[in-house]
Each structure stands twice: as structure tokens, then as C-alpha cells.
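Report on the structure given below.
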There are 2 protein chains.
Amino acid sequence: MEKKLKTHPAYDERCPVRASLALLSGKWTLMILFQINKNTVRYGELKRSVTGISEKMLIQELNMLVENKLVSKKVYPQIPPKVEYQLTELGLKTLPIVDQLAEFGLENLV
Amino acid sequence: MEKKLKTHPAYDERCPVRASLALLSGKWTLMILFQINKNTVRYGELKRSVTGISEKMLIQELNMLVENKLVSKKVYPQIPPKVEYQLTELGLKTLPIVDQLAEFGLENLV
DNA sequence: AATAATTCTAACTTTTTAGTGAGTACCTAA
DNA sequence: TTAGGTACTCACTAAAAAGTTAGAATTATT
């Protein structure tokens, strides 16, 4: 269920680039962080804004991001349920990475 | 053999973040770019500096980086063979991404 | 004649990641 | 009473990425 952040004995487990990639290089991870951005976002909103993602992946990624403290989650005890997601301090620090990737892609790839 | 840079009809193929990730999110990709850095590096040197990588992955990644014009390759017609790799202009532009990831990892993860 | 060094290639297996499709519980509105 | 909206969970499958092992061509060295 959660992302393992696996390391491999053969290469440096403490490599900061590796560590960041282990956390962020999933197919949907940065998209989700970017969509949440500086807002407070409900699950359903995310489902709509991260186009193409399956519910399984969305929840799986959200859970892993919460576990890794990039995202915080607030559950309202209501029916029908309401759950809000937000970037933590740590999560906000990933936004410059997204920017950098976006800039590179925009200038050179797309 | 080469990385497909696959897209999925369901989500925006023109998303610059996706495009960058498709190119760079491989397990070894950024490591290789970082090791080449501003130098001219032989295959064997890379093999030693990117610790843990298999030859298959190294060549596979190098080929895909050359195909995608992030890396240039110079073959010397010698025996035993000598091949040098270098970052292109485009390849050099990925170094800030590595820096950003390194910084994030260093400050928050490692 | 055998060994080592160079840069790869190719076939195959395993592991990891992502996708699919169904179902749950509760309430509201038609 | 049926359908729709909420936020999920679960079992299974498929696809992608990475790992393993072996070997090739050439020359110099031992």
C-alpha cells in the first residue's frame, strides 16, 4: 500500500538525489502535489483535477504522501464524508522542484 | 532498448512536468547526468562512478540520453575502444534540477 | 596460449509500478 | 425505490523498469 522508499545495497542509500526521487518520482506524485499546491483540497476535487488518475492510485499516493508528511489530511465526521488535503511545510518545499521540472519541460521538451 | 517516453491518452501529454519526468525519472538517469556533469567522461569511468549500476542499465540509459540529445558521444576508432560522453547544452540544463533534488533531499530526507 | 582490458549486445527473469473493475457505507433528492 | 454523490477498499491483471548472466571483438601483455 505505501511506497517503500526502497534502497539498494549497491548504491549509496544516503544519496539525497536518490532519496528525493524515491519519494517523488512516481507517475502521479508531483502532479498531485502541484494540484494541491497552496490550497485546501477535497478528495473529489483532486480526482477531477488530476485527470486520468484512477482512484486506487490517487488514494495510494495520498496515503503515502501523508505517511511521508508531505501532505496533511483532515477528516470531517460527516455523512457523506468530507476529507481535505493540504501540503505541509515540507510538502510546500517540493513546489520549487515542480517549477524547475516544468520550466525545463516547457523550454526544451513540449 | 530506448526509453519510450510513453504517454497515456488519459492525461495531458503536453504537460511539461510529465515530459520532464518521462525523460529524467529513471532510477539512474539523474545520477548519470550528475556524474558526467561538466566533464568529458569515458564509459568505464562512468561505470565506476555510478556505483551499483549494471552495464545493461548504464548503456541503455546512455543510449537514451544520446537519443534525447542530453548527452553527446564521441567514439575513437581505436582498439581497445575509447568512447567519451559529455553533456550537451540541453543536458547541462538538467543540472539545476539535480541540485534542487539534492537540496531537498539533503535538508529534509537524509 | 592464456589473460586482461575496452565497450558494448542479447536473452531471460524478477521486481516494481500502475491499471481494472467490482464493491462498501451512508445519506439526500427525485 | 431508485439513483446519485461522498471517500474509500480489495483482489486481480498488465505493463514497465530493472536485474542477471553470458558472451563478442580486438589488441597488448604475460
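The values are calculated or read from the model by the stated rules, or taken from the named source; none is laboratory data. From a predicted model like this one, the values you see are computed outputs, not experimental measurements. Don't worry about glycine lacking a Cβ; one is built from the backbone with ideal geometry, like all the others, and counts go over all protein chains shown.
Among the residues making up the stretch B:22-47, those that are touching a Lys or Arg at 6+ places or on another chain (Cβ under 8 Å) and within 13 Å of chain A (Cβ to nearest Cβ) are B:A22, B:L23, B:G26, B:M31.
Residue pairs whose Cβ atoms lie under 7 Å apart, separated by 6 or more positions or on different chains, with the first residue in the stretch A:56-82 and without any contact (Cβ under 8 Å) to a residue 60 or more places away in the chain and the second among the aromatic types (F, W, Y), are A:M57/A:W28; A:E61/A:W28; A:L62/A:Y85; A:V71/A:Y85; A:K73/A:Y85; A:K82/A:Y76.
Only one of these is more than 13 Å from chain B (Cβ to nearest Cβ) and either of a type outside the set (S, T, Y) or touching a Leu at 6+ places or on another chain (Cβ under 7 Å) (or both): A:V110, A:V75, A:V50, A:V98. Name it.
Details: A:V110 fails: more than 13 Å from chain B (Cβ to nearest Cβ); A:V50 fails: more than 13 Å from chain B (Cβ to nearest Cβ); A:V98 fails: more than 13 Å from chain B (Cβ to nearest Cβ).
Exactly one residue qualifies, and that residue is A:V75.
Would you check if there is a residue in the stretch B:20-29 being in contact with a Phe, Trp or Tyr (Cβ under 8 Å, 6 or more places away or on another chain) and modelled with pLDDT of 95 or more?
yes
Within the option set A:I36, A:I53, A:I97, being within 12 Å of DNA strand C (Cβ to nearest atom) and either under 14 Å from the mean Cα position of the chain (by Cα) or of a type in the set (S, T, N, Q) (or both) holds for one residue only, A:I53. Going by the conditions given, is B:V83 within 11 Å of chain A (Cβ to nearest Cβ) and at pLDDT 95 or above? Considered against the rule, which asks whether it is within 11 Å of chain A (Cβ to nearest Cβ) and at pLDDT 95 or above, B:V83 comes out as no.
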